[in-house]
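So the structure is just underneath, and the comments pick up after that.
The values are calculated or read from the model by the stated rules, or taken from the named source; none is laboratory data. What you see is a predicted model; the values in this text were computed from it and never measured. For neighbour counting, all protein chains shown are included, and Cβ atoms are generated from backbone atoms with ideal geometry for every residue, glycine included.
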Amino acid sequence: MIYFVDSNIFLRVTAKESEKTFEECSNFLKLVKSRLIIASTSSLALAEVVWTLKTYYKLDKPKIVKTLEGIEKLGIKITDYHNSRLAFKIFKKYNIKYIDALISSIPQIYTKKWALVSYDGDFDRLKVKRLEPKEINKNFKNEESSS
């Protein structure tokens, strides 16, 4: 299974507003960095990280660049194969953000070949396979204890 990482996963680690979600996301990203799981994200998700860090968290550019460099060091692949026509149809049909429609239109996400790792429950309306980091972490803990 390939996991597509949504912007809120990176933001939970950077902003560290909740110790619980910080730990969940950090542990998930450690699995990515150690190559125990294959992960992907998109330029759209990274743009959303930058925008949120700048506008909501008021971070300066050097701190934002450091965050992006940290993401790059994880070895996450960048997937920018969204289907604009499908995204428009999804956006028109559902009450969601356009960027979420674009992400869900990535063929592997739309066809449920990849799991979307996100805390954003809006994706559940779109019937994509969404998992939270704690669900993935739990599976790897179960695998470790059974070996």
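Under the condition of being touching a residue at least 60 places away in the same chain (Cβ under 8 Å) and among the aliphatic types (A, V, I, L, M), the residues counted in the range 1-28 number 4. ILE71 meets the conditions (1) touching a Lys or Arg at 6+ places or on another chain (Cβ under 6 Å); (2) in a helix (DSSP H, G or I) in every case but one. The failed one is (1). When PHE88 is tested against the conditions (1) modelled with pLDDT of 95 or more; (2) in contact with a helix residue (DSSP H, G or I) (Cβ under 7 Å, 6 or more places away or on another chain); (3) not acidic (Asp, Glu), the lone failure is (2). Restricting the first member to the range 120-135 and to residues that are of a type in the set (Val, Ile, Thr), and the second to residues that are surrounded by 17 or more Cβ atoms within 10 Å (Cβ to Cβ) and modelled with pLDDT of 95 or more, the beta-carbon pairs closer than 6 Å and six or more apart or on different chains are VAL128/SER104; VAL128/ILE109; VAL128/LEU116.
Screening the candidates ASP80, ASP100 for the property of being part of a loop (DSSP other than H, G, I, E, B), within 18 Å of PHE4 (Cβ to Cβ) and either without any contact (Cβ under 8 Å) to a residue 24 or more places away in the chain or not hydrophobic (A, V, I, L, M, F, W, C) (or both) yields one hit, ASP80.
Within the range 17-66, if we keep just the residues that are out of contact with any helix residue (DSSP H, G or I) (no Cβ under 9 Å at 6 or more places or on another chain), among the polar types (S, T, N, Q) and part of a helix (DSSP H, G or I), the residue that is surrounded by the most Cβ atoms within 10 Å (Cβ to Cβ) turns out to be SER43. In the range 132-147, the qualifying residues are those that are in contact with a helix residue (DSSP H, G or I) (Cβ under 9 Å, 6 or more places away or on another chain) and modelled with pLDDT of 95 or more, and the one that is farthest from ALA39 (Cα to Cα) is LYS134.
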